[in-house]
Amino acid sequence: MAGSIDDKHSLEEIETDSPQPDSHRRRWIRTLAVAIGGLVVLAVALGVGLGVGLRHPSQNRAVATSVNGTNSTSADGGRVLAQPSSNFVLKGQAAMAKEPPTTRHYDFLLEERTGSPDGFDKPMLVVNGMYPGPTIEVNNDDRVVVNVTNAMSNASAVHWHGLFQRGTPWFDGTNSVSQCGIPPGHSFLYNFTLDTFVGTTWWHSHYSTQYTDGLSGAFIVYNRTESLPSTPSVDGELSIQLSDLYHRFSTDLLTQYLSTNGMTGAGYSGTTQGNEPVPDAGTINGVGQWGNSTSSYTDFTLEPNSTYRLRIGNHGSFAASRFSVDNHTLTVVEADGVLVEPYEVSGLVVQVAQRYSVILRTNETAGAYWMRHEVQQDAFTYTEPGFQGSQLGVIRYGVDNSTMPSSALISSDPGSGSSLPDLDSTALVPYVPESPPNATFSTYMTVSMQNTGNNQWLSFVNSTSWAPLQGKATLLSGYGFNAVGTSQADSQLIVTVPDPSSGTQVVDVYVQNYDDGDHPFHLHGYKPWMLGQGQGRYQGQELDTKNPMQRDTFILPAYSWTILRFVADNPGMWFFHCHLTWHMASGLAMQFLVLPNATTSLLASAPSVLQEQCKIMRTLGQTVVG
Ligand SMILES: [Cu+2]
């Protein structure tokens, strides 16, 4: 990917509502032509998809589909396509702020294709033929409309991570919670506003382990009036998407992970049941290096003596990601959409599903530098043969766009050129101080992983190991609405936050992690304050109620307590779960039903396609694990 900063067209975006200035007309026509072409492909794929999905509607279809590319719906060999540079060279806040509020339309075609992000051919699930999928860039006062067409052989759902979905909880895109899955061959129209969310986030499939196979992309919400702390202006913005990479299809891995044999077998040693699948490699913006395939790198050619905002996300499934750029320090200015006091680091570890913005200044000697993604191995419990955790990309400036960094440095990280330590995420301070109100409602939960007999390991929140409903969704099927406190029917642990007699409920969540592993938990619909955390048990330790950090994704460390707080003013059914795909699929999830009366009122205006697709899913009888 040659990332010229002049190349800012977006092939995926069809802006129909805003007037097009003359200077943009040619670009717009080209975009429209591409869009029409895409719609033709989409229509063909939809037709094929309908055939694939509904040929045997009464047949019980297993989710573990073998995807080898031969059953692809595409007419171009079924390979993952090359990326437009606009997917990673962002329009940026300054340019976007000049555009009037508008409705931004996107078409997402979900397909099975063969890709080789690191040179190893593997079955993938991708949007519009690309891995990562299209980057969504919007202003905070825009409306977003995404028409998702499922041309895969399994159902799907697309989640917009970190967004609040205020007033539209059914567009949260969470299988078994906010919808029943988009059946194969069907489309679903997501239509939502951004509420108060601004910053860096991402979208991904929230159906079983599908995003592990490639269904993810960046989602940037620009704050029209934002000014970064200590950074008067930036000259460019880049998307940096980090991920671990598995060569095997995720449903195969999941089946083995949940089996009584576990991840054992040929080539593995020293494993025990319950150990999570270890990835083979990692990627930066969908490109990695593995085995003898070490010559492809994602790259950016930047302007010298300029300031860039790198919007970094870990879109992976299991491993944390360390990011650094040789000979450059990075200044952290945003975490999960929250501006933070500038924090200069040599590198930073991004936990699964977390995001950061860092400032990079191109003020070193003109040249090419490695950017590094070091796949963190802390949680690995066995050795994956051929594992390649050191992944590279290129940032260059003041030189031509073919200049490469020294190959001698590939295996010899020179560091940032400073003695600065890496980011300590617990030391982040919100740039705009805010103190949470006092709590009115408290709930307590434990997180653990248990051998449930015969070496079948499952994950538990309290005494419930979550499993997805089939052809039902908790929000749409009344789960928890008549409950007081906690309910756990059908493996759905739901805490119903009661409607307050007056004012708004403020919820404290006490979580005790009994497990020996760290878990990156994500709360949908909210961005809770992190009031406190510590080893062992909670015994009344003082909480941080003066400007605590707010995050939508945070680590629950091994053998620790964590206390979160959120103002329960967003009606809906909100998933709270470990973002490691293997753990979610083995049950590490619960739900908050917030404002049940207001949610019931809202549901009267939910689109009928939700219930229609639930009915189709019940007819298909498609079973899904996790
Ligand atoms: Cu976990």
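Things to note:
- 5 angstrom amide H check on E137, placed H, neighbours 5+ away: I220
- The H on the amide N of E341, modeled in the peptide plane, is under 5 Å from the matching H of V429, Y431, each at least 5 residues off or on a different chain.
- Fraction of antiparallel bridges per DSSP, the chain only, in percent to nearest 5: 75
- Note on R248 and S491: the model spin-label points, each 7 Å out from Cα along the C-beta direction, lie 2.1 nm apart.
- Computed with a 1.4 Å probe over protein heavy atoms only, the accessible area of M445 comes to about 10 Å².
- Within the stretch 441-620, the proportion of Cα pairs with more than 28 Å between them is 26 percent.
- Overall form of the stretch 545-626 per C-alpha gyration tensor (a/c, 1.5; a/b vs b/c): oblate
- 3J(HN,Hα) along the stretch 343-352: 9, 8, 9, 7, x, 8, 9, 9, 6, 3 Hz, from the Karplus curve 6.51 cos²θ - 1.76 cosθ + 1.60 with θ = phi - 60°, whole Hz, x for Gly and Pro.
- Contour excess over end-to-end distance, with Cα ends at T446 and T102 and 0.36 nm allotted per residue: 119.5 nm
- Using θ = phi - 60° in the Karplus curve 6.51 cos²θ - 1.76 cosθ + 1.60, the 3J(HN,Hα) couplings for the stretch 172-187 round to 6, x, 10, 4, 6, 10, 9, 7, 9, x, 7, x, x, x, 10, 10 Hz; x is entered for Gly and Pro.
- Taking the chain as the region of interest, the number of lysine pairs whose Cα atoms are within less than 17 Å, with members eight or more places apart or on different chains, is 4.
- Solvent-accessible area of S435 with every protein chain in place, 1.4 Å probe, in Å² to the nearest 10: 70
- Helix runs (DSSP H) in the chain reaching 18 Å along axis by Cα, Kyte-Doolittle at least -1.0: 25-54
- Rounded accessible area of S601 (nearest 10 Å², 1.4 Å probe): 80
- Remark on the chain: C578 stand apart, with no other cysteine beta carbon under 4.7 Å.
- Considering only the stretch 441-620, percent of DSSP beta bridges that pair antiparallel, nearest 5: 75
- Counting all C-alpha pairs of the chain, share separated by more than 34 Å (%): 39
- Modelled spin labels at R618 and D499, positioned 7 Å past Cα toward Cβ, are 2.7 nm from each other.
- Extension reserve of the A483-S412 stretch, reckoned as 0.36 nm per residue once the Cα distance is removed: 19.7 nm
- From phi via Karplus (6.51, -1.76, 1.60), per-residue ³J(HN,Hα) for the stretch 539-547 in Hz, x at Gly/Pro: 10, x, 4, 5, 9, 8, 10, 10, 6
- Surrounding net charge for T307, when Lys and Arg each add one and Asp and Glu each subtract one, Cβ distance under 12 Å: -1
- Between L420 and Y510, the distance separating the two model label sites (each 7 Å from Cα on the Cα→Cβ line) works out to 3.9 nm.
The values are calculated or read from the model by the stated rules, or taken from the named source; none is laboratory data. Because the structure is predicted, anything quoted here is derived from the model rather than measured. Cβ atoms come from the backbone with ideal geometry, glycine included; neighbour counts cover every protein chain shown. Just the protein is used for accessible areas: all its heavy atoms, side chains included, with ligands, DNA and RNA removed. Shrake-Rupley method; radii C 1.70, N 1.55, O 1.52, S 1.80 Å.
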